[in-house]
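Reading through the structure tokens given below for one structure.
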Amino acid sequence: MTSTIEDNNVEQYDVVIIGGSFSGLSLGLFLGNAMRKVLIIDAHSPRNEHSDVMYNLIGRNETKPSLLLRDAKAEILLFEHVTLCTGMATDVTGNEKSGFKVRYRGSETLHTQGEHVEVAAKRVVFASGVKDVLPQIEGIETFWPEHIFHCPYCIAYGIKGLPVAIYSPNDEAYMMAKIINKWTGDVLLLTENKVVLSLEESNDLERLNVTVNTSEVLKITGDLGDHIELHLATGECIQRRGLFIHLPFHLNNEALLTQLGLAISEEGLVQVDEQYETSKAGVYAIGDMVTLLQKVSHAIHSGNAAGFAIDHSLSMEVERSG
């Protein structure tokens, strides 16, 4: 199959990547090395933009995410055929056979809206990630993400031995307590009386010195950078270094995904095959949008894997057109 776009007034790209964080930059680097002409549209809103440290990335353990992104963008800018721009995608039309048109609103700064720009692409990749949804607890946003954590593997080693709490008024409470107690012997499990633990589970948590509190969490205050204070409906005020929550999320660019008719799983993820191609031919998705294993290392892997598949697809397309 051959992609053909007949418009000399529109800038032509092999691939347009919507999203310029870890997965998008990983894909851009791969395709840049593969001599593909690429446009990366970056809205400058990575999921972990306010995080001070990340773990479990070989060679960069305990690195600030923003520093890794800075270095990755510097590498991308060395390619003359890869363009990294600030903007927000607003429209995607077309198909694999005739090619795609992508419209985005460019901007000189993050807060200044610019003019709409239209470009053409043979392939389109969504790498725009997800947005976490915090529970409705007064004061919680002030302490996110300095003291509010959604992934123990991303932060727990850095606060090992310190008192922490788990907010889990759902069936994940026992599992989270079992995982997190490895890092500290002072764990408070907050269930808001919405979790029924079995006798075996209760005895196991008691053995692990996990304290279960069923009171509702009304408010969070504290000293940013040092501790938080959890104000409970019972009148208690409990001080902790941090609070772990398994947060729900929603997909970024959901309107565009719906416009293209992409299949979404029951977990709220974009459905892709083993090559990261979505239900619409020629449109791919990578990073946190496609998996519950939402880690920087996996985002980077997905960009590389999709790059391999996309370059092969484009290479075979050229062979057939000749």
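The values are calculated or read from the model by the stated rules, or taken from the named source; none is laboratory data. Computed from a predicted structure; not experimentally measured. Cβ sites come from the backbone with ideal geometry, for glycine too, and all protein chains shown count toward neighbours. The area values use the complete protein model at the heavy-atom level, side chains included, leaving out ligands, DNA and RNA. Shrake-Rupley method; radii C 1.70, N 1.55, O 1.52, S 1.80 Å.
Some notes on this structure:
- Per-region count, the range 14-34, residues over 15 Å from Glu277 (Cα atoms) and over 20 Å from the mean Cα position of the chain (by Cα): 5
- Scanning the range 26-46 for residues that are part of a loop (DSSP other than H, G, I, E, B) and either aliphatic (A, V, I, L, M) or open to solvent by less than 20 Å² (accessible area, probe 1.4 Å) (or both) returns Ala34, Met35, Ala43.
- Residues within the range 207-254 that are surrounded by fewer than 16 Cβ atoms within 10 Å (Cβ to Cβ), touching a helix residue (DSSP H, G or I) at 6+ places or on another chain (Cβ under 7 Å) and at positive phi, tallied: 0
- Some residue of the range 7-19 being over 27 Å from Ile148 (Cβ atoms), at pLDDT below 90 and of a type outside the set (S, T, N, Q): yes
- The condition (being within 18 Å of Ser313 (Cβ to Cβ) and small (Gly, Ala, Ser)) is satisfied by just one residue among Gly19, Gly99, Gly59: Gly99.
- Residues in the range 180-206 that are open to solvent by less than 50 Å² (accessible area, probe 1.4 Å), without any contact (Cβ under 8 Å) to a residue 40 or more places away in the chain and among the β-branched types (Val, Ile, Thr): Thr184, Val187, Thr191, Val195.
- The residue that is most open to solvent (accessible area, probe 1.4 Å), among those in the range 133-153 that are under 24 Å from Gln239 (Cβ atoms) and not in a loop (DSSP other than H, G, I, E, B), is Glu141.
- Single residue of the range 273-322 satisfying the filter (open to solvent by 10 Å² or more (accessible area, probe 1.4 Å) and among the β-branched types (Val, Ile, Thr)) that is modelled with the lowest pLDDT: Val318
- Summed over the range 170-192, the residues that are modelled with pLDDT of 95 or more, part of a loop (DSSP other than H, G, I, E, B) and under 23 Å from Thr234 (Cα atoms) give a count of 3.
- Only listed residue being more than 17 Å from the chain's Cα centre (by Cα), without any contact (Cβ under 8 Å) to a residue 60 or more places away in the chain and surrounded by 20 or more Cβ atoms within 10 Å (Cβ to Cβ), chosen from Val92, Val82: Val82
- Residue satisfying all of: in the range 115-132; open to solvent by less than 30 Å² (accessible area, probe 1.4 Å) and either more than 17 Å from Thr86 (Cβ to Cβ) or at pLDDT below 95 (or both); nearest to the chain's Cα centre (by Cα) among these: Val130
- Subset of the range 47-71 that is surrounded by 14 or more Cβ atoms within 10 Å (Cβ to Cβ) and in contact with a Pro (Cβ under 6 Å, 6 or more places away or on another chain) - its residue that is farthest from Leu251 (Cα to Cα): Met54
- Criterion (within 21 Å of the chain's Cα centre (by Cα), among the small types (Gly, Ala, Ser) and surrounded by 14 or more Cβ atoms within 10 Å (Cβ to Cβ)) met by exactly one of Ala156, Ala177: Ala156
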